[in-house]
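Here is the structure we will look at, set down as structure tokens.
The values are calculated or read from the model by the stated rules, or taken from the named source; none is laboratory data. What you see is a predicted model; the values in this text were computed from it and never measured. Because the Cβ atoms are built from the backbone with ideal geometry, glycine has one as well, and the counts that use them run over all protein chains shown. What goes into the accessible areas is simple: the full protein's heavy atoms, side chains included, and nothing from ligands, DNA or RNA. Shrake-Rupley method; radii C 1.70, N 1.55, O 1.52, S 1.80 Å.
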Amino acid sequence: MRILKLKGKSEEKILKEIEKEYGNQAVILSTQQEEQSGLTKWFKTPKTIITIAVKDEDELEQDKKAIEEIPRGNLVAESNEKLKEESYEVLLGLKDQLNQLQREIGTIKQVQLEDKKDSDNDTLKADNKWLNYLKAKLVQLGLKEEICTQYLEGMSDESPEEIIRKIYSELEKSLREKEEKDLAQIIFFIGSTGVGKTTTLAKLTAKYVLEEHKKVVLFTADTYRIAAVEQLKTYADILGVEIEVIYNEAELPQYIEKWKHMDYILIDTAGRSHKNEEQVKELKALMKNVEKKQVFLVLNASTAAKDVVTIVNTYEKAESEFDLIITKLDETDEIGNVVNIGYYAKKPIMYLTNGQNVPADIKIFNKDEYITDLLGRISNE
């Protein structure tokens with residue numbers, strides 16, 4: 001007895017082929033649709049599979065010989081009896097064949113299920129490996145681990161391309177930029193000692209005077225450090241702008257009145273420690289003399305993320321509304337700290353500085369450009 005499987009586009013066509021090839025010698029065991037897999041399954045027409053049982057040539061020859069040997073008088077009766085016996089034997093044989101076939105199908109399905117499970121696990125491991133790599137690179141570039149974890153949460157089932165797209169979107173949400181056209185006439189520069197306020201002020205002076213042909217005057221209220229006044233005077237002489245030294249905050253309004261015809265009045269302030277409440281009060285007293293103003297909090301690109309919130313909260317006691325200038329980006333490889341600053345400060349970033357050259361090393365902050373640069377430093381090794 002042979003078990004055969006025939007495959008075709010339709011059940012009707014297969015049955016015609018069976019009848020043509022095997023006549024009434026074929027016993028149909030099952031009819032089923034072939035399972036399709038992969039992405040192409042949606043575009044393929046499923047095929048029909050019919051399983052049949054047919055006798056071997058030797059069995060057919062023996063049946064024929066047996067029939068010839070039976071006396072003609074008993075031919076019908078014996079033929080019927082033999083047919084019953086053979087049918088019974090055939091059915092027993094088919095039952096064994098079907099049981100074996102079912103066992104084999106069960107084994108195949110179990111193997112396929114295990115293969116799928118292994119494949120899914122391998123994919124998950126690969127995804128996790130990619131996510132771990134990406135997180136490690138972002139942390140290496142300066143992003144706080146807790147921010148990375150938040151960005152990557154729930155992304156284990158996404159493709160690397162989709163993960164990068166979502167991270168890009170999260171970075172855009174964390175960073176705020178501000179257009180330069182929003183600048184006020186009077187601009188204060190505040191921040192801790194050593195963050196680069198005076199140099200940044202000089203860069204912007206050069207930018208406004210040399211590139212935009214604006215009329216600019218400089219004020220300095222940093223009389224604590226003689227070197228600071230002299231440094232700003234040197235820049236003023238080179239750029240051909242006037243400078244005023246403010247020794248008492250009460251004098252500020254009269255100097256503003258004197259120079260009210262200028263496009264910009266840039267005011268340098270003394271470096272204040274965010275831990276010194278008295279110095280912050282002095283800064284507040286200076287700025288309260290001006291109603292309409294632009295205030296820039298200058299932060300070093302290497303400022304520890306844990307200090308950003310403290311610094312911002314402290315300076316908000318002197319002035320609640322201010323934007324950020326992040327300096328010395330050239331002095332760190334951890335450029336991702338800009339994200340930390342934007343994330344924790346929740347203030348717009350207007351300028352980035354990346355060197356000491358005046359005015360070349362300052363530019364308006366463009367978050368798309370920055371994010372592209374940051375993610376571009378991640379290479380899948």
- Query: Picking from Gly342, Gly376, which residue would you name as being on the phi < 0 side of the Ramachandran plot and touching a residue at least 40 places away in the same chain (Cβ under 8 Å)?
  - Reply: Gly342
- Task: Taking Lys214 as the residue in question, decide whether it is assigned to a loop (DSSP other than H, G, I, E, B) and modelled with pLDDT of 85 or more.
- Result: yes
- Is the range 186-201 home to any residue that is assigned to a loop (DSSP other than H, G, I, E, B), open to solvent by less than 50 Å² (accessible area, probe 1.4 Å), hydroxyl-bearing (Ser, Thr, Tyr) and touching a residue at least 12 places away in the same chain (Cβ under 8 Å)? yes
- Name the pairs: first residue in the range 256-270 and open to solvent by 10 Å² or more (accessible area, probe 1.4 Å) and modelled with pLDDT of 95 or more, second residue outside any strand (DSSP E or B) and of a type in the set (Asp, Glu), Cβ to Cβ under 9 Å, at least 6 apart or on different chains? Asp263/Glu212
- Item | Residue in the range 241-252 that is polar (S, T, N, Q) and either modelled with pLDDT of 90 or more or in a helix (DSSP H, G or I) (or both) present | no
- Task: Residues being in a helix (DSSP H, G or I) and touching a residue at least 40 places away in the same chain (Cβ under 8 Å): count how many of those fall in the range 167-181.
- Result: 6
- Within the range 288-346, restricting to residues that are within 20 Å of Thr269 (Cα to Cα) and of a type in the set (Asp, Glu), the one that is farthest from the chain's Cα centre (by Cα) is Glu291
- Item | Residue list for the range 232-247, filter: closer than 17 Å to Ala270 by Cβ, open to solvent by 70 Å² or more (accessible area, probe 1.4 Å) and not charged (D, E, K, R) | Tyr247
- Query: Does Ala318 satisfy the condition of being modelled with pLDDT under 90, assigned to a loop (DSSP other than H, G, I, E, B) and in contact with a strand residue (DSSP E or B) (Cβ under 8 Å, 6 or more places away or on another chain)?
  - Reply: yes
